[in-house]
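Here the structure is laid out as structure tokens; the discussion comes afterwards.
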Amino acid sequence: MSHRREPWYITILDRIRSSRRIKVFLLVFLPFIYLIIFFFAPFIIALMYSLGMFKQVVYEFVFQPQISLEYYYRLFQYPGVLVAIQRSFYYAILTTVGTFLLSYPVAYYLGVKLPDKYQEMVVLVLFTPFWVNFLLRIYGMRFIFHELGFLNMILTTLGIVNDPIKILGTDTAVILVMIYTYVILMILPIYGVLEKLDKELLEAAATLGASPVKTFLKVTLPLSVPGILAGSLLVFIPAVGEFVIPELVGGANTVTLGTVIYNFFLRVKGTMGWGLGSAAGLIYIGLILVLSYLYIRLVGGEIRLG
Amino acid sequence: MSYAVELENISKSFGEVQAVKNVSLKIRKNEFFSLLGPSGCGKTTTLRIIAGLEFPDTGRVMLNDEDVTDLPTHKRNIGMVFQTLALFPHMNVYDNIAFGLRMRKVPEREIRQRVKEMLEIVRMEGFEKRKINQLSGGQRQRVALARALIIKPAVLLLDEPLGALDLKIRQHMMVELKKIQKEVGTTFIYVTHDQTEAMVMSDRMAIMKDGVIQQIGSPHNVYMRPVNKFVALFIGDAINFIEGTYKDKGVLSTDLGDLKVPELSGYTGKSVILAIRPEKFFLENNIPSDIDNVIEGRVIFSIFRGSFVEYRVELDNGQEMVIFQPYLVAGQKIYEDGSRIKIGWYRDSAVILSH
Amino acid sequence: MKITDLILKIYTVFFLAVIYLPIAILIFFSFNESRSKIVFTGFTLENYYSLISNYAVWDSFYNSIWTAIVVTVVSVFLGIMISYGVTRYEFKGKNMLDILMLIPIIIPEIVEALTLLVFLIILGIRLSPYTVIIGHIAFDISFAYIVIKARMAGYDPQFEEAARTLGANEIQTFTKVTLPILMPGIVSAALIAFLQSYDDFIKTFFTRPPGFTTLPVYIWNMASRRGFALDLNALATFIVVISIVFAYVRLKVERW
Amino acid sequence: MSEADVGRRGFLKIAFAGATALAVGSALGYFAREGEVSTLRSENEALKKKVEELSSSLGVEVPTETQKNLNVYNWTWYANLALVDQWAKENNVNLVYEFFEDLDTAITTVTTGAANYDIVVISDNEAQELWNEGYLQSIDLDKIPNFEYLPEGFKGLPYDPNNEFTVVYSYGTTGLGYNSDACPEGVSKWEDVFDVDNPDSIIRRYAGKVTMMRDSSETMGAAAIYLGYDIDTTDENELKNIADLLIAQKPYLYGYVQTEDYMDELPVAARYCISHAWNGDVAGIVYASDEYEVYIEKYYETVKYVVPEEGAIAWYDNFVIPKNAKNVDVAHEFINWFLQPEVSAIHTITIKYPYPAGIKYVPKEILEDPMIFTPEELWDKLHIGRALTPEEKAIRESYWNMVMTAT
């Protein structure tokens, strides 16, 4: 056959095609440069900032070739920072455990017990609320927990309590709203695993003489571990960084790392705020990366999203 | 004579692994040619190099006397049927078959005509609108074939396309493929690890091992005259080997005594292997009078295989032989286990292989 | 066994009820006559009328939508490129890249948003809708990448080779074969990216210029002003309806 | 239109349909001078109707000149947005009006320069600091003829003697607001919210029902006054005591909340009932103010505001024009418009903060409400902040960080 005449771009493509290196560069590294510029570079800048390498002069940030650990040093002079870190982890752990305990039975029921023909509909029903803007949902929660709100109305009407209980502004409110916000991220992966679970395994266990409880403990639960781990990661990591929820439903004593960073950046009139904020942010990233690394070592690197 | 495909000293490595080593091959026009070998022997790589899906490290690829070594796949006029068939799941039968023509900007009217003809050839009329997942294995096979053939390729490459089929359908498709090849007259290059497929369909075949072509020839030639132990073992159902030292004048000295073998020059004094196909033996009463070699052995067991009886016979030196005896008439004698029998063969039925 | 099934069932229904409660309350009060979101005094559609005539809501809604569309298109496009390259080719640093691609997902948004803000300011880049989009994309690429890569893992490269043997060049192969076959994964990725961007508050809040509000920012601003307007509850109803449509479409697409 | 008609009714009752704005506003303002004031809620409706009729007969003509831009950055609930929007519409200004909720955030935003605003409303000493550090440009009073309507006491204030870079916006005090239903004994001193060691103190008995401000200078200033220090102290020992006091107080607080939060909560007093608050905000609650309507009678009588006995911070808020402003001319136009006495008066009547240029049109009830117009006799115990150097700010910042991060 003869060579067909091709437009110029095809000729260029041919040349590209013949080199794997060019292809990899174009396909992978060129787009990745975007992330380098707009995602990783900011972290470098933040790192430099936290090391005192920038100085602010009327709208300008002047680079100064020096490295100082002053911001880090100062950061740990505030005893509150450590407490805030602790509290962030405390909230995140409770949220993770809470979402797990509350959602596992649901995921189990939907994934294992529910006849297949209802699956689609129930999943639709389950996920719909989470497509509503999360701020609106949080405001909805605020109305519920308000002293004059839905929950207290029910409690006082039923005579369970005489005076409205105080929820807003407390740890309880923050944790409950966080659980509400993140529960879907826990259900998704667990449901994903349980739904794919071979039902014959359960029958097999039964024929081997395992009681339903034994079957659950020895077969179902261990097999859903990957889902639980993925869900925990998906819940835990954003939960540690949560800033909006403590801000909206928390009070004076629900300061988290996210709030601290926000305060440093925007609620501090002066010169150190950004440096401190950057330092706190980087410490934060460090913690998260270490945790993620441990997780990846543990699970083998696959993070499944639904 | 011009060839459909010529490979000249093709080599290809993937990292440490050298998949194809210095392969040269000439495939004639309108030939059904098979590349046969165990998995990992480099046959698929060779095929993909012809297709332009891989590029050789060294060597030259010629299609119809034209050097296409650096030409990308879509500019070579080849058709290919893949192991997984790779029928596009998002298109129906018609669109799958028409794909190649559309890429060539053939007018839609002509496409319709040619797809219709093609569907007739592969006997799939009326299936145009079917989705791929609504077809059976054999039907998919035909669609894949039609899709590859419709572009009138200079050569059609088939990469173990029958692998996924049931035995019955596979046997049927083998004959079908052969028929279609005769009908369209296109050069077929067929890659398989199944010697039956190669034997049934090929005009010629090449047996590969570890990236090297061991032997090229017609099925008959390869079966009857394997060049080495590997080919001998790979082709055919079974084969018997007897080791010995070649004496002059067509005599092989073995621990079963001297055996008459084909006369060859240059082998004198060398240690060689004698290879004999199981169906070449005569037993007891059936041994003709002019037979060249007769030895004795004890029947270990026999298997009735319908058209023949398979015997396992232990020779005096302890070696086990496989012997096929045609089962011609009802009531034919089957030798009992443990009975001693004579075994004879002609010297030209055996092949001498070097180590 | 029966009794545990029943308990599970009841619990699941209860769980769903709780999940719906805040939204139900938002919707309920969207019909409230008085401005109170705590005491229901009477039924009215007033809030819906005022929602319709509320220019600022629709403006921010429009901003949310168009930025989310740009973000979706770009991040899915880049996500396809990277995941395609990673699944098709072997190269040095591939595993490293795979891990780096996860980082945007695991970094807390607030840190990401503020570092980006500092970065933009230090570079002297003026905040604009594009800075918002830039920030969203940096985050969404990773989501698109993970979803599309998962889809590609189950995709047979022989489809592409088949197309090429049939005479399709690289571009034709990609547009006529690769893309259509990967489409469900791409649609999934696009929906996720769209929602991530559409629902994002923190990053938008920090990287937006004055006067540029998206829906979440508008809601935040309105709620922090006195008299949380009940048009927002009406808006919630509107969004719930849209979301159901969205969720339904997504489900349909997944079963594709 | 019959100005006399309205006049003869003999009362000032400005009801706002957002569309009326300027023309109507100035007309009504005119009659305020001679009109005697009555507060008959029932007549509100009639007047509102009248105003609507007037506005529809006037029609709103949108000038065809090219559009101008203006970015304003102001506190929430600090200007009548209906009126401001109307001004923008009539002057064909593409107005971006953004809110901030605490001064620290505002200053950070202004100083980064990432977002540029043409007008920012900012307090006395902060304005001076920004000016000293070079973030502001000077204001051209020639372009603001209405500057003359400001009473003498509001010109050339100590932080800007020549009005180089500020024009007064409003002023007031920072004290304590509370709901007397929920907290019958009320508060009257800083001691009530700071004396956490005494189990009988208000703060202990109302633990979790008290809020402080998020603003660093206000909250640290309040603590300083309670401890008897200068509100802008930079003495490390004093600052340490201030921080310790605030940290000790923190467990008994509901939280550090924003204006909008306490404005919503004080009338209901379900979550908390005592708030560190600005006078005008509390006034806004008491009158249940609304941008669209004028209320001159008190609505939530139970919400009270006190200037604590120990003294309090007083402040002047000012228009400033940041250095990176792009629409300087329009900014001047806006300031000039705002200083129009009628406009200022309408703002005062609706928002319930005092806007000095409009004093002469403000009805007696409002004018005499100590919550809105700070009475003369109080000024003795009020403190006004001074500008700090960056170094001084850094010292204070460090202690404020300690408070913010404390738990």
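The values are calculated or read from the model by the stated rules, or taken from the named source; none is laboratory data. Keep in mind the model is a prediction, meaning the values are calculated, not measured. Because the Cβ atoms are built from the backbone with ideal geometry, glycine has one as well, and the counts that use them run over all protein chains shown. For the accessible areas, the whole protein counts, side chains as well, though only heavy atoms, and no ligand, DNA or RNA atoms are used. Shrake-Rupley method; radii C 1.70, N 1.55, O 1.52, S 1.80 Å.
Data table
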item: Per-residue mean of C-beta atoms belonging to partner chains within 10 Å, peptide A:175-185; result: 1
item: Proximal lysines to D:K143, defined as alpha-carbon separation beneath 20 angstrom and excluding residues fewer than eight positions away on the same chain; result: D:K68, D:K155, D:K323, D:K326
item: For peptides D:309-319, B:81-91, sequence by mean Cβ density within 10 Å, most packed first; result: D:309-319, B:81-91
item: Exercise: per-residue mean of other protein chain Cβ atoms within 10 Å, A:256-262; result: 4
item: Principal axis dimensions, largest first and in whole angstrom, of chain A by Cα; result: 75, 66, 35
item: Per-residue HN-Hα couplings for segment B:35-48 [Karplus 6.51, -1.76, 1.60; θ = phi - 60°; Hz; x = Gly/Pro]; result: 10, 10, x, x, 5, x, 8, x, 5, 5, 4, 4, 4, 5
item: Helical contribution to [θ] at 222 nm, DSSP H n ≥ 4, -39,500 (n - 2.57), averaged over chain B, rounded to 500; result: -7000 deg cm²/dmol
item: Solvent-accessible area, 1.4 Å probe, carbon plus sulfur percent, for segment C:101-230; result: 63
item: Under the Karplus curve 6.51 cos²θ - 1.76 cosθ + 1.60, θ = phi - 60°, whole-Hz ³J(HN,Hα) for segment B:71-78, x wherever Gly or Pro sits; result: 7, x, 3, 6, 9, 8, 8, 10
item: Karplus 3J(HN,Hα) series, Hz, for segment A:240-252 with 6.51 cos²θ - 1.76 cosθ + 1.60 (x for Gly, Pro); result: 4, x, 4, 10, 5, 5, x, 5, 8, 10, x, x, 5
item: Cα-Cα pairs of segment D:133-275 separated by more than 24 Å (percent); result: 47
item: 19 Å Cα-Cα reach of B:K260 towards lysines, excluding residues that sit fewer than 8 places from it in its own chain; result: B:K247, B:K249, B:K270, B:K280, B:K342
item: Cα pair distances of segment B:240-349 binned at 5 Å [whole percent]; result: 2, 12, 22, 23, 18, 11, 6, 4, 1, 0
item: Neighbour cut-off at most 12 other Cβ (10 Å), DSSP loop, trypsin sites (Lys or Arg not before Pro), segment B:126-222; result: B:K129
item: Summed side-chain charge close to C:L182 - residues other than C:L182 whose Cβ falls under 13 Å, Lys, Arg +1, Asp, Glu -1; result: +2
item: Interchain or long-range residues, amide H under 5 Å from B:D292's placed H; result: B:W345, B:Y346, B:R347
item: Pairs from B:K178/B:K229; B:K75/B:K168; B:K12/B:K116; A:K23/C:K176; B:K105/C:K92; B:K131/C:K149 whose Cα-Cα separation, in the structure shown, is over 31 Å; result: B:K75/B:K168; B:K12/B:K116; B:K105/C:K92
item: Segment A:132-218: radius of gyration and largest Cα-Cα distance (Dmax), Å; result: 20.4, 56
item: Chain A, helix-only ellipticity at 222 nm - DSSP H runs n ≥ 4, -39,500 (n - 2.57), divided by all residues, nearest 500; result: -20000 deg cm²/dmol
item: Nearest 10 degrees, 0 to 90: helix B:167-184 Cα axis against chain B principal axis; result: 60
item: Contact order normalised by residue count of chain A, Cα under 8 Å, 6+ apart, percent; result: 24
item: Amide proton proximity set for D:F100, modelled H, under 5 Å, gap of 5+; result: D:N74, D:W75, D:T76
item: Relative packing of A:56-63, C:215-222, D:90-97, which averages over residues the other C-beta atoms within 10 Å, highest first; result: C:215-222, D:90-97, A:56-63
item: Crossing angle, helix B:108-121 versus chain B [Cα axis fit, 0-90 degrees, rounded to tens]; result: 20
item: Against the rule of thumb 2.2 N^0.38 Å, how large the Cα Rg of segment C:54-255 comes out; result: 1.18
item: Average Cα contact separation per residue, segment B:3-234, under 8 Å, 6 or more apart, as relative contact order %; result: 28
item: Amide H contacts under 5 Å for B:A4, placed H, 5+ residues apart; result: B:I27, B:R28, B:K29
item: Accessible surface buried once C binds A (1.4 Å probe; total of both sides; Å²); result: 8200
item: Average other protein chain Cβ within 10 Å of Cβ, residues A:291-297; result: 2
item: B/A buried area, accessible surface, summed, 1.4 Å probe, Å²; result: 900
item: Under 16 Å from D:K364, Cα to Cα: lysines that are on another chain or at least 8 residues apart; result: D:K13, D:K298, D:K352
item: Label point at B:N9 placed 7 Å out along Cα→Cβ; residues across segment B:45-66 whose backbone nitrogen lies under 17 Å; result: B:56-62
item: Centroid-to-centroid separation of segment D:91-106 and segment D:329-373 [C-alpha atoms, Å]; result: 19
item: Among beta bridges that DSSP assigns inside chain B, antiparallel share in %, nearest 5; result: 75
item: Solvent-accessible area, 1.4 Å probe, carbon plus sulfur percent, for segment B:3-234; result: 49
item: Apportionment of accessible area to carbon and sulfur, segment B:240-349, percent (1.4 Å); result: 48
item: Against the rule of thumb 2.2 N^0.38 Å, how large the Cα Rg of the protein assembly as shown comes out; result: 1.27
item: Shape parameters for segment B:3-234, alpha-carbon atoms, Rg then Dmax in Å; result: 17.5, 55
item: Estimated 222 nm signal from helices in chain C, with DSSP H stretches of n ≥ 4 weighted -39500 (n - 2.57), rounded to 500; result: -25000 deg cm²/dmol
item: Segments A:253-262, C:147-156, D:148-157 sorted - mean Cβ within 10 Å per residue, highest first; result: A:253-262, C:147-156, D:148-157
item: Segment B:138-236, Rg to Rh (Cα coordinates; Rh as Kirkwood inverse mean 1/r); result: 0.98
item: In segment A:77-305, lysine pairs with alpha-carbon atoms under 16 angstrom apart (chain gap of 8 or more, or interchain); result: 6
